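A.B. asks: Sharing a structure here in structure tokens format.
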Amino acid sequence: MAFPQTRMRRLRATAGLRGLVRETDVRAGQFVLPLFVTEGRTPDSAGREPIATMPGVDRLSIAAAVEEAQEAAALGIAAVMLFGLPAEKDEHGSGAWDQEGVVQLATRAIKQAVPAKSPQGELLVITDVCLCEYTSHGHCGVLREDGTVDNDASLELLAQTAVSHARAGADIVAPSDMMDGRVDAIREELDGEGFADTPILAYSAKFASAFYGPFREAADSAPAFGDRRGYQMDPANGREAVREALLDVQEGADMVMVKPALAYGDLISAVKRATRLPVAAYNVSGEYAMVKAAAAAGYLDERATVLEILTSLRRAGADTIITYHAKDAARWLAEQT
């Protein structure tokens, strides 16, 4: 029936009515908090180095990362995702798979401080598997003599890195390099080394995006030359994103990711429909920085804006949201209950 019998506003009249028919929920247990963990470069006594382009986010010593993880667990956040900044880099990124590397040490420390049955609550540790933070040239794989990334030669190193993370206690490994075949290589290596139960969260549709700028400062991972368009995706290509995700599913991915998130809701939905797997959306550094800058200038309400963005990502089909807003959002959501 049409108006006046049908009145859509009837179920919008009060908070109780709106809550009764709300289609999309957002919970702290759907969030993953990224952490930047460093070796020997945090200047203050608390082990923190503020990141200028990401207000409220710091580079962390291992001890400070443990504190962040404990706070995240207490807020009901599902997981932390670790990115490592090593003390030294080399051409092949050997620090990535060093069993005494920064991510490996941080993983062990966090798992010890927040065990499965911790008073703070359960917290998963997800590790970013890539070489860019560890290579002297800043690219996500090893280079050929002509300066291009050698896809196949990089696979073994990525697989070694994933195994080293699993051995340190990582609950999930997340390859972000965008090399062809890396999920298959990692799955085979994990299974062969006794880690058949370690899930893979694949950065399946990772675009060569302008929204990554602040992250590259935070992780000290900008390429020394060229760019990553030869392996990260063209933002114009939607069908290709679905194809990438389906290939990762065939290779053994347990979860898939779309990155960035805010401008890619259509692809979150498309990947969810096509794969029928849990889908993660990475609400990236530039998206975070834009909200922070606009809120600081008084242009918008930070709380309302963040919760609206996170709701939109859930509505698009994201089961998990990786976001630097995780702690603030968890507190705001707790205040609503």
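The values are calculated or read from the model by the stated rules, or taken from the named source; none is laboratory data. Quantities reported herein were computed from a predicted structural model and do not represent experimental measurements. Glycine gets a Cβ as well: all are built from the backbone with ideal geometry, and neighbour counts include every protein chain shown. The protein model used for the area step is the full one, side chains on, heavy atoms only, and it has no ligands, DNA or RNA in it. Shrake-Rupley method; radii C 1.70, N 1.55, O 1.52, S 1.80 Å.
A.B. asks: Just checking, which of Asp98, Asp150 is of a type in the set (D, E, K, R) and touching a strand residue (DSSP E or B) at 6+ places or on another chain (Cβ under 9 Å)?
C.D. replies: Only one candidate qualifies: Asp150.
A.B. asks: Among (1) surrounded by fewer than 18 Cβ atoms within 10 Å (Cβ to Cβ); (2) in contact with a strand residue (DSSP E or B) (Cβ under 9 Å, 6 or more places away or on another chain), which single condition is Met81 missing?
C.D. replies: Only one criterion is unmet by Met81, namely (1).
A.B. asks: Of (1) open to solvent by 10 Å² or more (accessible area, probe 1.4 Å); (2) under 23 Å from Arg216 (Cα atoms), Cys140 satisfies all except one. Which?
C.D. replies: (1)
A.B. asks: Testing Asp197 on (1) among the acidic types (Asp, Glu); (2) free of Cβ contacts under 8 Å to residues at least 24 places away in the same chain; (3) in contact with a Leu (Cβ under 7 Å, 6 or more places away or on another chain), one condition comes back false. Which one is that?
C.D. replies: Going through the list (1) among the acidic types (Asp, Glu); (2) free of Cβ contacts under 8 Å to residues at least 24 places away in the same chain; (3) in contact with a Leu (Cβ under 7 Å, 6 or more places away or on another chain), Asp197 breaks only (3).
A.B. asks: Can you tell me which residue in region 189-211 is surrounded by the fewest Cβ atoms within 10 Å (Cβ to Cβ), limited to those that are of a type in the set (Asp, Glu) and in a loop (DSSP other than H, G, I, E, B)?
C.D. replies: Among residues in region 189-211 that are of a type in the set (Asp, Glu) and in a loop (DSSP other than H, G, I, E, B), the one surrounded by the fewest Cβ atoms within 10 Å (Cβ to Cβ) is Asp197.
A.B. asks: What are the pairs with Cβ atoms under 8 angstrom where one residue, in region 239-251, is within 16 Å of Leu155 (Cβ to Cβ) and the other, located anywhere, is open to solvent by 60 Å² or more (accessible area, probe 1.4 Å) and assigned to a helix (DSSP H, G or I)? Sequence gap at least six, or different chains.
C.D. replies: From residues that are within 16 Å of Leu155 (Cβ to Cβ), the pairs are Glu251/Asp184.
A.B. asks: Among Ala15, Ala65, Ala52, which is the only one that is open to solvent by 30 Å² or more (accessible area, probe 1.4 Å) and either over 26 Å from Ser285 (Cβ atoms) or modelled with pLDDT of 95 or more (or both)?
C.D. replies: Matching residue, one of Ala15, Ala65, Ala52: Ala15.
A.B. asks: Let me ask you something else. Mind checking which residues of region 29-49 are aromatic (Phe, Trp, Tyr) and either touching a Phe, Trp or Tyr at 6+ places or on another chain (Cβ under 6 Å) or open to solvent by 10 Å² or more (accessible area, probe 1.4 Å) (or both)?
C.D. replies: Across region 29-49, the qualifying residue is only Phe36.
A.B. asks: Residues of region 84-117 being hydrophobic (A, V, I, L, M, F, W, C) and open to solvent by less than 10 Å² (accessible area, probe 1.4 Å), which ones?
C.D. replies: Leu85, Ala96, Val102, Val103, Ala106, Ile110, Val114
A.B. asks: Before we move on, is Glu335 at pLDDT below 95 and out of contact with any Ser or Thr (no Cβ under 6 Å at 6 or more places or on another chain)?
C.D. replies: Against the criterion (at pLDDT below 95 and out of contact with any Ser or Thr (no Cβ under 6 Å at 6 or more places or on another chain)), Glu335 qualifies.
A.B. asks: Pairs please, first residue from region 156-179 and without any contact (Cβ under 8 Å) to a residue 40 or more places away in the chain and open to solvent by 10 Å² or more (accessible area, probe 1.4 Å), second anywhere and outside any loop (DSSP other than H, G, I, E, B) and among the basic types (Lys, Arg), Cβ atoms under 6 Å, 6+ apart in sequence or on different chains.
C.D. replies: Here the result reads none, with nothing in region 156-179 linked to a residue that is outside any loop (DSSP other than H, G, I, E, B) and among the basic types (Lys, Arg).
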